[in-house]
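Chemist: Got a structure here, written out as C-alpha cells. Questions coming.
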Amino acid sequence: MSAPRRAWGAFVLTWQAILRDKAALLLFFISGIIYSFFYPLPYSTETVRRVPVAVVDQDQSALSRQLIRYAGAHPGLVVAGVSTRPEDAQALIWQGKAAGALFIPADFSRKVLAGMQPEVEVSGHGSYPLLNKVVLNGLAEVAGTVSAGIELKRLGASTPSGMQAEAARQPLAVEALPLFNVREGYASYVVPGVMVLVMQQTFLLGIGLLFGSWSSDKSFPYGQDAASYCGALSAFALVVVLNALYFFGFVFWWQDYPRGGNLAGTAVLTLLFAYSVAALGMLIGMFFRTRERSMQLLVATSLPIMFLSGLTWPASAIPLPLRALGALLPSTAAIQGFVATNQMGASLHEVRMELAMLLGLALVFAVVGLVKWRRMPARR
C-alpha cells in the first residue's frame, strides 16, 4: 500500500476511534461546548458593580451628606448603611454585608470652610481582591469628585467665569480610551486566553485516553510507518482546528468578546497550535498504559500551566527556569499569539516569536513522537 493511502487510512481510523469512544467524543467536542457557555457565565457582567460599602459619618453636615450621595450614585458602589459609630461599619464588614467603609471625621466640613485640607479614610475587605479594588477606587473617585467641586467653587470666587476656573484647575485634559478591551472587563481579558488552555488540556486528555485504551487492550490499530503517524497526527490536529473555529468564530461572537483583529494571523497560529498539541498529545499518550492514566496525570496540571503562560501572572515575574518550562508547552505561545492577533490585530511579524515557538514545538514533538511510534506494538 502506498504512503498516501496508509496516511489516509490512519486518518479515517482515528476519526472512527474518536466517534466510537463516548469518553473521547465528550472530551474532544462536548466538553468544549459546555465550557463555552458555563465558564464565561460568572464573568458575564464584565466589571464588578454595586459593591456594598458602609459609611461612618461623624460630621453630619451638608457636605458629608453630599459625599454620601455621591457614593450612592457611583456605578460601582451602593451604600449599605450609614452610622456615626465605626463599630457598626466593622460589624457590616464582618457579616459580609459590606466590602469596605468610608470614614468621614467630625471636623470635615469645618476644615473645608476654613480653607484647610480635610481627610477622609477609605478601607476595603482585602480577602476579595476584585471587590477590594472596586471599593478603594470607587471611594477615591467619590472623594476626588467632591474635592474637585470644592476647588472649583474656590477658584470661581477669584476668576470671572466657571470655565476659566475649570481650566485653571485642570490645564491639561486627559481622556482615556481603551483600544482593545473596550469594556475594560475581566471576561474579555481572561476568557479568550483560558479557552486556548481548555482546548489544549481537553485534547491531551482525549488523546491520552485513546492511546491508553489501545495499550491496555494490546490492540494498537496503526502500522509503525511514518505515513500512518502523519495520518493520525493530521486527524487529531483537525479536531483542534474544528474546536478553534467554534471558539474563535461562534463563542467570541456570542459572548461579544474582542475578535477578528487579524483573521489570517489567527488562522496560521491555529494550524501550528493544532499540530503542536496533536503531536504532544500523541507523544504523551504513547507512554500511557491504562485508559485512566491521562486523567490521573494531566487534570492537575491545568492551573500551573495557566500561571506559566503569562496570562494571569506577568511573565517578567516568573522565575527563568519556570519560564523555560512554560516555553515547552504549546499553550504558552498560543495564548500570547491568539490574544495578540485575534483581540489586538497584531501582524504575523509582531507574533513571529510565538509562531517560531509553535513551529519548533510541533517539529520536536513530531520527530520524538515518530521515534516512539515506530516502537509501538502492532495489533494482534
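Chemist: Looking at the range 15-44, which of its residues are surrounded by 12 or more Cβ atoms within 10 Å (Cβ to Cβ) and among the hydroxyl-bearing types (Ser, Thr, Tyr)?
Modeler: Passing the criteria: SER31, TYR35, SER36, TYR39, TYR43.
Chemist: Hey, can you tell me all the residues within the range 342-363 that are touching a residue at least 24 places away in the same chain (Cβ under 8 Å) and either under 16 Å from PHE211 (Cα atoms) or part of a helix (DSSP H, G or I) (or both)? Show your work before the answer.
Modeler: So in the range 342-363, the residues touching a residue at least 24 places away in the same chain (Cβ under 8 Å) come out as 342-348, 351, 354-355, 357-359, 361-362.
Of everything in the range 342-363, those that are touching a residue at least 24 places away in the same chain (Cβ under 8 Å) and either under 16 Å from PHE211 (Cα atoms) or part of a helix (DSSP H, G or I) (or both) turn out to be ASN342, GLN343, GLU354, LEU355, MET357, LEU358, LEU359, LEU361, ALA362.
Chemist: Filter the range 111-145 for residues that are of a type outside the set (A, V, I, L, M) and closer than 16 Å to THR47 by Cβ; which is surrounded by the fewest Cβ atoms within 10 Å (Cβ to Cβ)?
Modeler: PRO129
Chemist: Look at the range 90-119 and say how many of its residues are within 45 Å of the chain's Cα centre (by Cα) and of a type in the set (Lys, Arg).
Modeler: Number of matching residues: 1.
Chemist: In the range 1-32, what count of residues is obtained for those that are within 21 Å of SER294 (Cα to Cα) and either without any contact (Cβ under 8 Å) to a residue 40 or more places away in the chain or out of contact with any helix residue (DSSP H, G or I) (no Cβ under 8 Å at 6 or more places or on another chain) (or both)?
Modeler: The number of residues fulfilling the criteria is 7.
Chemist: Mind counting the residues in the range 276-290 that are farther than 23 Å from THR332 by Cβ and either in contact with an Asp or Glu (Cβ under 9 Å, 6 or more places away or on another chain) or part of a helix (DSSP H, G or I) (or both)?
Modeler: Residues flagged as farther than 23 Å from THR332 by Cβ and either in contact with an Asp or Glu (Cβ under 9 Å, 6 or more places away or on another chain) or part of a helix (DSSP H, G or I) (or both) within the range 276-290 amount to 0.
Chemist: Now a separate question. Can you tell me which of THR84, THR47 is in contact (Cβ under 8 Å) with a residue 40 or more places away in the chain, surrounded by fewer than 18 Cβ atoms within 10 Å (Cβ to Cβ) and farther than 15 Å from VAL122 by Cβ?
Modeler: Every option except THR47 fails the conditions.
Chemist: Just give me the residues in the range 252-268 being more than 14 Å from VAL190 (Cα to Cα) and surrounded by 20 or more Cβ atoms within 10 Å (Cβ to Cβ), in sequence order.
Modeler: Taking the range 252-268 as the starting set, the residues that turn out to be more than 14 Å from VAL190 (Cα to Cα) are 253-254, 260-268.
Of everything in the range 252-268, those that are more than 14 Å from VAL190 (Cα to Cα) and surrounded by 20 or more Cβ atoms within 10 Å (Cβ to Cβ) turn out to be ASN262, GLY265, THR266.
Chemist: Which of (1) in a helix (DSSP H, G or I); (2) under 23 Å from the mean Cα position of the chain (by Cα); (3) touching a residue at least 40 places away in the same chain (Cβ under 8 Å) is the odd one out, the single condition PHE37 does not satisfy?
Modeler: (3)
Chemist: Also, quick follow-up: If LEU280 passes every condition in (1) touching a Gly at 6+ places or on another chain (Cβ under 9 Å); (2) free of Cβ contacts under 8 Å to residues at least 60 places away in the same chain but one, which one does it miss?
Modeler: Of everything listed in (1) touching a Gly at 6+ places or on another chain (Cβ under 9 Å); (2) free of Cβ contacts under 8 Å to residues at least 60 places away in the same chain, LEU280 misses just condition (2).
Chemist: Another one. For the range 40-59, what are the residues that are of a type in the set (A, V, I, L, M, F, W, C) and either assigned to a loop (DSSP other than H, G, I, E, B) or within 14 Å of the chain's Cα centre (by Cα) (or both)?
Modeler: LEU41, VAL48
Chemist: For the range 336-353, what are the residues that are out of contact with any helix residue (DSSP H, G or I) (no Cβ under 8 Å at 6 or more places or on another chain) and surrounded by fewer than 15 Cβ atoms within 10 Å (Cβ to Cβ)?
Modeler: Across the range 336-353, the qualifying residues are HIS349, ARG352.
Chemist: So if I check each of ALA356, ALA327, ALA333, which one is of a type outside the set (D, E, K, R), surrounded by 16 or more Cβ atoms within 10 Å (Cβ to Cβ) and at pLDDT 90 or above? Walk me through how you get there before you give the answer.
Modeler: Details: ALA356 fails: surrounded by 16 or more Cβ atoms within 10 Å (Cβ to Cβ); ALA327 fails: surrounded by 16 or more Cβ atoms within 10 Å (Cβ to Cβ).
From the options ALA356, ALA327, ALA333, the qualifying one is ALA333.
Chemist: Here's a follow-up. Of all residues in the range 89-107 being over 15 Å from LEU136 (Cα atoms) and among the small types (Gly, Ala, Ser), which is surrounded by the most Cβ atoms within 10 Å (Cβ to Cβ)?
Modeler: Residue satisfying both the conditions and the ranking: ALA89.
Chemist: Name the residue that is nearest to ILE30 (Cα to Cα), counting only residues in the range 217-257 that are part of a helix (DSSP H, G or I) and in contact with a Lys or Arg (Cβ under 6 Å, 6 or more places away or on another chain).
Modeler: The qualifying residue nearest to ILE30 (Cα to Cα) is PHE252.
Chemist: Can you confirm whether PRO319 is more than 20 Å from the chain's Cα centre (by Cα), farther than 22 Å from ILE284 by Cα and not aliphatic (A, V, I, L, M)?
Modeler: Here the answer is yes, as PRO319 does meet what is asked.
Chemist: Looking at GLY260, GLY249, which is the one that is out of contact with any strand residue (DSSP E or B) (no Cβ under 9 Å at 6 or more places or on another chain) and either free of Cβ contacts under 8 Å to residues at least 24 places away in the same chain or under 23 Å from GLN296 (Cβ atoms) (or both)?
Modeler: Criteria check complete, one pass: GLY249.
The values are calculated or read from the model by the stated rules, or taken from the named source; none is laboratory data. Here the structure is a predicted model, which means the values were calculated and not measured. No Cβ is skipped: glycine too gets one built from the backbone with ideal geometry, and neighbour counts run over all protein chains shown.
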